[in-house]
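In what follows, a single structure is set out as structure tokens and then discussed.
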Amino acid sequence: MRIAVLGSGAGSNFLALWKACHAGKIAGEISLVGADQQNAGILEQAEARNIPTFFAKKGKDFSERVAQRLLEENIELVCLAGLMQIVKAPLLGAFPNRILNIHPSLLPKFPGKEAWKQALEAREDETGCTVHYVDAGMDTGEIILQERVPIKTDDTPESLHARIQEAEHRVYVESVRTVISSLTD
Ligand code: GAR
């Protein structure tokens, strides 16, 4: 299974998926990594592992340009890992039911940006992370897996996000395993 990972940030979820592929826990390989930020850590992380990368500037034809690139590279599964923009019709249509996203909350609670801050501000005592199929909405789409993360009284946004990210890495690997086995059954 040829997997593409798309992000905007540091790339810790990419790294978790790459390690799982490398260890044979995921029956696939990360064949392409793309970002909408030229200096995103995710691109550096991928380059250090000799994975082909590309930069796609934000813009109204972003989804079309990305879809074209992914199709050229025979990508079969797309994992969004911190991509901070909404994926639109050309990409959704090119990969029906084959685009996953990780989000740092227990969806449908706290969609959108900095979901861990939203959970802290709402004085929740737990939050978590969700892997879901991507549809045309923002952080909507059928849920594949979630993991709960407790919120501690002395949590800062940074400490909470770091704890959620540990859960994200487990949940994303498990979700990709599950999706690939359902696609190849
Ligand atoms: C992750 O926490 C991910 O859940 C979040 O961006 C971070 C990327 O981290 N995504 C969203 O908020 C999407 N709405 P990473 O670059 O280290 O994988």
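The values are calculated or read from the model by the stated rules, or taken from the named source; none is laboratory data. It should be emphasised that the depicted structure is a prediction, and the values quoted were computed from it without experimental measurement. Using ideal geometry, Cβ is built from the backbone for each residue, glycine included, and neighbour counts are taken over all protein chains shown. We work out accessible area using only protein heavy atoms, side chains counted, and drop any ligands, DNA or RNA first. Shrake-Rupley method; radii C 1.70, N 1.55, O 1.52, S 1.80 Å.
Numbers below:
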{"item": "Cross-chain or 6+ apart pairs with Cβ under 6 Å, the range 11-31 first and within 16 Å of the ligand (Cβ to nearest atom), then in a loop (DSSP other than H, G, I, E, B)", "result": "13/81; 14/81; 20/26; 21/28; 30/51"}
{"item": "Exclusive hit being part of a loop (DSSP other than H, G, I, E, B), surrounded by fewer than 21 Cβ atoms within 10 Å (Cβ to Cβ), more than 12 Å from the ligand (Cβ to nearest atom) and not aliphatic (A, V, I, L, M), set 153, 178", "result": "153"}
{"item": "Within the range 1-10, considering residues that are near the ligand (Cβ under 10 Å from one of its atoms) and in a loop (DSSP other than H, G, I, E, B), the one most open to solvent (accessible area, probe 1.4 Å)", "result": "10"}
{"item": "Residue list for the range 124-178, filter: within 19 Å of residue 10 (Cβ to Cβ) and of a type in the set (D, E, K, R)", "result": "158, 163, 166, 168, 170"}
{"item": "Residue within the range 29-47 that is surrounded by fewer than 19 Cβ atoms within 10 Å (Cβ to Cβ), at pLDDT below 95 and within 21 Å of residue 96 (Cα to Cα) present", "result": "no"}
{"item": "Check on residue 86, modelled with pLDDT of 95 or more and not polar (S, T, N, Q)", "result": "no"}
{"item": "Unmet requirement for residue 89, which otherwise passes all of (1) away from the ligand (no atom under 16 Å from the Cβ); (2) of a type in the set (Gly, Ala, Ser); (3) surrounded by 15 or more Cβ atoms within 10 Å (Cβ to Cβ)", "result": "(3)"}
{"item": "Residue within the range 35-50 that is more than 17 Å from the chain's Cα centre (by Cα), more than 16 Å from the ligand (Cβ to nearest atom) and not aliphatic (A, V, I, L, M) present", "result": "yes"}
{"item": "When residues of the range 92-143 are limited to those that are among the aliphatic types (A, V, I, L, M) and touching a Gly at 6+ places or on another chain (Cβ under 8 Å), the one surrounded by the fewest Cβ atoms within 10 Å (Cβ to Cβ)", "result": "138"}
{"item": "Residues being among the hydrophobic types (A, V, I, L, M, F, W, C) and without any contact (Cβ under 8 Å) to a residue 40 or more places away in the chain - total across the range 89-109", "result": "5"}
